[in-house]
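The values are calculated or read from the model by the stated rules, or taken from the named source; none is laboratory data. Owing to the predicted nature of the structure, the values given are computational and were not obtained by experimental measurement. Cβ coordinates were reconstructed from backbone atoms using ideal geometry, including for glycine residues, and neighbour counts include every protein chain displayed.
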């Protein structure tokens, strides 16, 4: 098979993904396993890596990782670099783990207007992968458990902000009274009208702790069915995220009329619909952004091999 | 023993409380048991009532109940009356359950500025109990799992709004990543400085889904200890509730410079501190407001006995 110039590892909380990448940046293969930081149990990082790589583990190519593998509870703690942070700075600040078994990309930190810190690990690499070094100033969102909004320019992450949208949605449906009358729906089109009403509510000027109670009262009083109530709640949270992030971008001098959505699958489609309802133009980012970002960082670090 | 004129029942989701009250409104005795709607299992409402009342069950006094016992999953469904609702309207709209075993007070409903419904069951009775019929227009808060803010005048609940503050706090600490670095503290003075910083954050203009992530990042980056992070988060949520509720009261034409806090124990003390930090004067409501409210409603209904 074609020689790999890099084994790229996107190693998060739940999932670990490995990619074989050639010297031109082409992804030759991908492997994934539920070997994230919280899934290891008694398994050592070295053994987890062997399991994930399988027969790739004999390859001579360097291995570069991003994500929670670099956290305090990870294999080795990589620092948080203070924004703005460029591709070159990321390339110059790699952390070795396991006696050279892998090298880990640093995370980023910033402080918001009130001085409260914010952090990311892994998303910095996705941003680098989603946006070429020469890209003009771009507002990007990475939807997820902890959605990240970032402003990136010329391969430099200028600033970012985190929203606990996905995790809040799961906690509300799974562990509050809202889950008794509202259910999660997998698809994006389970109840488009309810989702749309939720987005409008989320984009409005209410308080979130009041607004979310509507997932119960709409079911009780207006007889919204459980799927509809779940879709409505999803719309409220995503809409509210967009409203808040747009204000944040405005404060940073960005007009926020256009946003790059990085990710894949159903969640991206949800965000595209919510952004459209907000009057924001959405571009879809490349797939496998983490693998592409790891390749760019490795190349900038002069670490492509063997 | 002195004859009871009323057996008052505050019958909620978790707890059921019974009070013996004489013809002058004096509370002669109180009993409580974990016999709320969600705790009954196979036990019938009639048997739960017998268990709660014990030897009081032979008394001839009428029994008036409020709370989730009147919900669709309760003993009998009592209606939601649309605000504004007066003491007299409540007294005229009682629902029988168990073949006359008890009578149940109606709940209230309203719609907020966006047309989304809101509901309460039990708190309407606490409001009636906390505020005499001739009281001038008053802004009141009932802190709790679902905090309720209400505007009451002359024994009439004009309007109200719900905030899922307490339940959100529990869900965030118990079922999200925040619980890994933040813990619940029982007392009010576990870390007053962190609580105060949280209140200030909550009173600020941020977005909640971003702000709450600070309970993690302050622990990670600024080394806030777990109790401090928990107190900070409590402050953020209570502060944000106050900010939102104050805007709501302003829109209703209330200056919100003064608020009556109805409830008891540590949570009321927390709200008093947060209100002080917001520049809002706080008055503490009477204890046992539900029992007092049930007495007033029974009297207005001509149902004191035997």
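For the subset of the range B:247-278 comprising residues that are touching a residue at least 12 places away in the same chain (Cβ under 8 Å) and on the phi > 0 side of the Ramachandran plot, which member is surrounded by the most Cβ atoms within 10 Å (Cβ to Cβ)?
The residue in question is B:263.
Exactly one condition in (1) over 13 Å from residue A:12 (Cα atoms); (2) touching a residue at least 40 places away in the same chain (Cβ under 8 Å) is not met by residue A:76; state its number.
So residue A:76 meets the others, but not (2).
Just a yes or no: is a residue in the range A:291-305 more than 28 Å from residue B:248 (Cβ to Cβ), away from chain B (no Cβ under 14 Å), surrounded by fewer than 17 Cβ atoms within 10 Å (Cβ to Cβ) and in contact with a helix residue (DSSP H, G or I) (Cβ under 7 Å, 6 or more places away or on another chain)?
no
Checking the structure you have, find out if any residue of the range A:78-96 is under 18 Å from the mean Cα position of the chain (by Cα) and at the interface with chain B (Cβ under 10 Å from one of its Cβ atoms).
Yes, the range A:78-96 has at least one match.
Out of A:198, A:166, A:174, A:207, I need the residue that is in contact (Cβ under 8 Å) with a residue 40 or more places away in the chain, under 30 Å from residue B:14 (Cβ atoms) and surrounded by fewer than 24 Cβ atoms within 10 Å (Cβ to Cβ). Which one?
A:166
Take residue B:13 and tell me if it is modelled with pLDDT under 95, surrounded by 16 or more Cβ atoms within 10 Å (Cβ to Cβ) and either part of a loop (DSSP other than H, G, I, E, B) or touching a strand residue (DSSP E or B) at 6+ places or on another chain (Cβ under 7 Å) (or both).
In short, yes.
Search the range A:16-45 for residues being in a loop (DSSP other than H, G, I, E, B) and within 16 Å of residue A:70 (Cβ to Cβ), and hand back the single one that is nearest to the chain's Cα centre (by Cα).
The residue in question is A:36.
Could you check the range A:217-235 and list, in sequence order, the residues that are at pLDDT 95 or above and within 10 Å of chain B (Cβ to nearest Cβ)?
Of everything in the range A:217-235, those that are at pLDDT 95 or above and within 10 Å of chain B (Cβ to nearest Cβ) turn out to be A:217, A:218, A:232.
Restricting attention to the range B:146-163, which residues are over 15 Å from residue B:87 (Cβ atoms) and without any contact (Cβ under 8 Å) to a residue 24 or more places away in the chain?
B:146
So if I check each of B:219, B:249, B:282, which one is under 22 Å from residue A:165 (Cα atoms) and either not in a loop (DSSP other than H, G, I, E, B) or not assigned by TED's automatic domain parsing to the domain that holds residue B:86 (or both)? Steps first, answer last, please.
Details: B:249 fails: under 22 Å from residue A:165 (Cα atoms); B:282 fails: under 22 Å from residue A:165 (Cα atoms).
Result of the check over B:219, B:249, B:282: B:219.
Taking strands (runs of 3 or more DSSP E) that do not extend beyond the range A:109-198, which have at least 3 residues that are within 14 Å of chain B (Cβ to nearest Cβ)?
A:117-120, A:147-153, A:156-163
Of B:125, B:145, which residue is surrounded by fewer than 23 Cβ atoms within 10 Å (Cβ to Cβ), under 15 Å from the mean Cα position of the chain (by Cα) and under 23 Å from residue B:264 (Cβ atoms)? Steps first, please.
Numbers: B:125 fails: surrounded by fewer than 23 Cβ atoms within 10 Å (Cβ to Cβ).
Checking each option against the conditions leaves just B:145.
Could you tell me which of the residues A:241, A:287 is assigned to a loop (DSSP other than H, G, I, E, B) and either within 16 Å of residue B:209 (Cα to Cα) or under 20 Å from the mean Cα position of the chain (by Cα) (or both)?
The conditions single out A:287.
Residue B:77 fails exactly one of the following numbered conditions: (1) farther than 29 Å from residue A:204 by Cβ; (2) touching a strand residue (DSSP E or B) at 6+ places or on another chain (Cβ under 6 Å); (3) surrounded by fewer than 23 Cβ atoms within 10 Å (Cβ to Cβ). What is the number of that condition?
With respect to (1) farther than 29 Å from residue A:204 by Cβ; (2) touching a strand residue (DSSP E or B) at 6+ places or on another chain (Cβ under 6 Å); (3) surrounded by fewer than 23 Cβ atoms within 10 Å (Cβ to Cβ), residue B:77 is out only on (2).
Would you pick out the residues in the range A:55-77 that are at pLDDT 95 or above and in a helix (DSSP H, G or I)?
Of everything in the range A:55-77, those that are at pLDDT 95 or above and in a helix (DSSP H, G or I) turn out to be A:55, A:56, A:68, A:69, A:70.
Taking the conditions exactly as written (surrounded by fewer than 23 Cβ atoms within 10 Å (Cβ to Cβ) and closer than 30 Å to residue A:144 by Cα), does residue B:286 satisfy them or not?
no
Which count do you get for residues in the range B:199-216 that are over 24 Å from residue A:145 (Cβ atoms) and either touching a helix residue (DSSP H, G or I) at 6+ places or on another chain (Cβ under 6 Å) or in a helix (DSSP H, G or I) (or both)?
Residues that pass the stated criteria total 3.
Out of curiosity, is residue B:138 under 19 Å from the mean Cα position of the chain (by Cα), more than 30 Å from residue A:232 (Cβ to Cβ) and in contact (Cβ under 8 Å) with a residue 12 or more places away in the chain?
When the stated conditions are applied, residue B:138 passes them.
Every residue, every condition in (1) closer than 30 Å to residue A:2 by Cα; (2) out of contact with any strand residue (DSSP E or B) (no Cβ under 8 Å at 6 or more places or on another chain); (3) free of Cβ contacts under 8 Å to residues at least 40 places away in the same chain, yes or no:
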site	(1), (2), (3)
A:43	no, yes, yes
A:51	yes, no, yes
A:60	yes, yes, no
A:72	no, yes, yes
A:87	yes, no, no
A:100	yes, yes, yes
A:119	no, no, no
A:123	yes, no, yes
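Among the residues of the range B:209-222, count how many are touching a strand residue (DSSP E or B) at 6+ places or on another chain (Cβ under 9 Å) and more than 9 Å from residue B:233 (Cβ to Cβ).
Going through the range B:209-222 one residue at a time, the tally reaches 9.
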